[in-house]
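One structure is given here, and the rest of the page talks about it.
The values are calculated or read from the model by the stated rules, or taken from the named source; none is laboratory data. Because the structure is a prediction, the values reported are computed rather than measured. With ideal geometry, Cβ positions are generated from the backbone for all residues, glycine too; neighbour counts draw on all protein chains shown. Please note that ligands, DNA and RNA were not included when accessible areas were found on the heavy atoms of the full protein model with its side chains. Shrake-Rupley method; radii C 1.70, N 1.55, O 1.52, S 1.80 Å.
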Amino acid sequence: MSSADGAAAAIQPALIVHGGAVSAASYASDARRKAVNAAALAGWEILQGNGSALDAAEAAVRSMEDNPVLEAGTGCMLNELGQVELDAAIMHGRTLECGAVAGVANVKNPISLARKVMEKTSHCLIVGRGANVFADRQGIATVPLEELVSESALKEFRALNGNYQNGCNDFFNPRTVEEAHDTVGAVAIDKHGDMVAATSTGGNAAKLVGRVGDSPLVGVGLYSDNSTGCVSCTGHGESIIKVHLASRISMYMEEGISPDEATRKALLYMQERTGYGAGAIAMDKEGKVGINFTTKYMAWAYITEGKLQHGMLHKESFTEIA
Amino acid sequence: MPGAVVLVHGGAGKIPKANNDVDNQARLYGVKSAATAAYEALLAGASAVDAAETAVRCLEDFPVFNAGVGSRLNLAGEVEMDAAIMDGRGLRAGAVGAVKNVKNPVSLARKIMDLTPHVLLVGEGASQFAQESGVQLVPMQELITEKSRRALAQVKSLPFGIDPKAEEEEEEHGTVGAAVMDTAGNLATSISTGGISGKHVGRVGDSPIIGGGIYCDNMVGAAVATGQGESIIRTCLANNIIQLMSTGMAPQQAGDSALETMRQRVSGLAGVIVLDRHGNSGICCNTGHMSWAQLKDNELSWGLSAG
């Protein structure tokens, strides 16, 4: 990036987070707004201290994993056998390096484990028991199930009684239902222009054991490439997979489409091809942002020098001084 | 109406150092048999999905390929397999990652697509579903070959363990796959692999990542990849090819272009077979070696390097 006098213009660090995209009424709580704002501030603290996009994105997602209000890490949903299985991924836009875990049991911060996969192995994705073996070797402790599972998740598990499809139809399409849950994610750009995308989830209630959605799949639930932009998605996992949502948004940005238009266009495409809703956050290399969703709600927060913007309903955006 | 087309590959890698003719003949025999079985099924009225499954089942059953029987071993000496299948109608897909004891992982992927609301199952969950779904289960020993054991021993003897680019180096190559168009013009793709020798337990590569190693859309085309898995994931190889075809680029050019982009961005090498919605094909490979066979208009063609 150059300014008119030929000197390189300073890149403005920025961060966007989302706390899931769903249509269920009970999702829309003040606690959820506070949770994403807190996550944005956690990531911003690092960027402000000249920290990396990698550290900032991880910190933002850890904040959401630790918050029981959101459904990643602590507060996650249970699979059909009442177990916890977590997915997470992180991707670095400079090198296209990535790390992901799926179906990992009882780890408090799967996003940090995903980062270890990226930094300590030559692999991109480690699943199941292998992921837990890897966690042990990295000195990442397993926590008891009770520490991760909330009352509402248990209630949801009993109510659904193993009916995953009913859950999906209710949660991702505009109909009123009692409970809601989803993926969390973040995209960040630091002063070096490095962009990172990160996602984390406990998946959908009553899913089959071993079911993996979009979150840990590079090009599907997240993507980051310094030459184009960074993207994190949330919504109906299987449908996001079918339209490879994150790389679709990235490809539109590569064609010169703004992040706002790219996310909008990709989400509409997904709705047309699959009938399901989702949400996405994206930033391009110039720091332009896109925050869109075709579900009823997506809690989001965008923070950069001087301001914190946030919202949860369509056409809603509050701005505060950061 | 374009008519039936079957394209299969038996894995991409560097030209085998010993240029082992016995193995090359076995690979050619395998891909030709798989293509023929799939094509005959199409002419008898099978769907593209049926034929894609049939082709890869054949390849999984041949021990010379790194899929099903003959799968490479993880660091613990076990067979953990990845596979996927995608139906160009409605973007339906099914996939498995790190599944054990299943004779034909591509058939398990199909069960996931047809019988569950999910796309991807991994690990223990995939194995549990395998038991419930009625696919054939086998003791792990039945999938392990002497070649796979030797390949693991060789990796373990290296000072720094596996090299992410080793998949290209191996004399025995990677993933198998098929891209099919049926007589109604529908597209389907399938893919299966045992992964890299000495991979970390639970490592999943590009094969079951929709948009990475495999993609299929009746409205545009189909692509199936083989080669260095992590590189394919990081650059979304199959997606790139589909995207290029959607702008009007021919399959061969789209495949070659996407492979070159991958090589430039992450230094990874791979092979890919491609079909567009008119039945035109592309057979692309920059690793030097990829066994493949194609059946179209009743003509069988085959080779050991890119067409």
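Laid out as a table, the results:
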| item | result |
| --- | --- |
| Choice from B:Asp50, B:Asp297, B:Asp182 showing the highest fluctuation, given a GNM over chain B with Cα pairs closer than 10 Å | B:Asp297 |
| In Å², nearest 10: area of A:Glu97 left accessible to a 1.4 Å probe | 90 |
| A:Gln12-B:Gln141 pseudo-label distance in nm [points 7 Å out on the Cα-to-Cβ vector] | 6.7 |
| Quotient of Cα Rg and 2.2 N^0.38 Å for the range A:1-152, N being how many residues it contains | 1.17 |
| FRET E, pair B:Glu299, B:Ser133, Förster distance 41 Å, beta-carbon r, rounded to 0.05 | 0.65 |
| Where a label projected 7 Å from the Cα of A:Glu261 along Cα→Cβ would reach, residues of the range A:214-255 with amide N under 16 Å | A:249-255 |
| Gaussian network model of chain A, Cα within-10 Å springs - most flexible of A:Asp190, A:Asp136, A:Asp214 | A:Asp136 |
| Whole-number percent relative contact order across chain B, with pairs defined as alpha carbons under 8 Å at least 6 apart | 26 |
| Within 10 Å of each Cβ in B:105-118, the average number of Cβ atoms from other chains | 2 |
| Percent RCO, i.e. relative contact order, over chain A, from Cα pairs under 8 Å lying at least 6 residues apart | 24 |
| Contact order normalised by residue count of the range B:155-307, Cα under 8 Å, 6+ apart, percent | 18 |
| Antiparallel %, DSSP beta bridges [both residues in the range A:40-127], to 5 | 60 |
| Whole-Hz couplings from phi, Karplus 6.51/-1.76/1.60, listed for the range B:68-78; x for Gly and Pro | x, 5, x, 4, 5, 9, 7, 4, 8, x, 9 |
| For chain A, size of Cβ-based charge dipole, Lys and Arg +1, Asp and Glu -1, in debye | 360 |
| Estimated [θ] at 222 nm from DSSP helical runs (n ≥ 4, -39500 (n - 2.57)) normalised by residues in the protein assembly as shown, nearest 500 | -10500 deg cm²/dmol |
| Rounded to the nearest 20 debye, dipole of chain B from Cβ charges on Lys, Arg, Asp, Glu | 360 |
| Chains B and A, summed buried accessible surface - 1.4 Å probe, Å², nearest 100 | 3500 |
| Principal-axis tilt of helix A:30-48 within chain A, Cα atoms, nearest 10 degrees | 40 |
| Neighbourhood charge, 15 Å Cβ-Cβ cut-off, centred on A:Val143 and excluding it, Lys, Arg +1 and Asp, Glu -1 | -4 |
| Total charge dipole magnitude, the protein assembly as shown, about the Cα centre, Cβ charges on Lys, Arg, Asp, Glu only, Debye to nearest 20 | 180 |
| For the range A:40-134: accessible area per residue (Å², 1.4 Å) | 28 |
| Förster-model FRET efficiency, 35 Å R0, A:Leu145 and B:Asp114, C-beta, rounded to 0.05 | 0.60 |
| Simple label model, 7 Å out from Cα along Cβ direction - A:Thr95 to B:Ala76, nm | 2.8 |
| Other protein chain Cβ atoms within 10 Å, averaged over every residue that makes up B:92-98 | 4 |
| Mean Cβ neighbour count within 10 Å, used as a protection proxy, ranking A:283-295, A:300-312, B:88-100 highest first | B:88-100, A:283-295, A:300-312 |
| Per principal axis, descending, Cα span of the protein assembly as shown in whole Å | 70, 62, 54 |
| 10 Å Cβ neighbours from other chains, averaged over peptide B:234-247 | 4 |
| Long-range amide H partners of B:Gly185 with built H, under 5 Å | B:Gly3 |
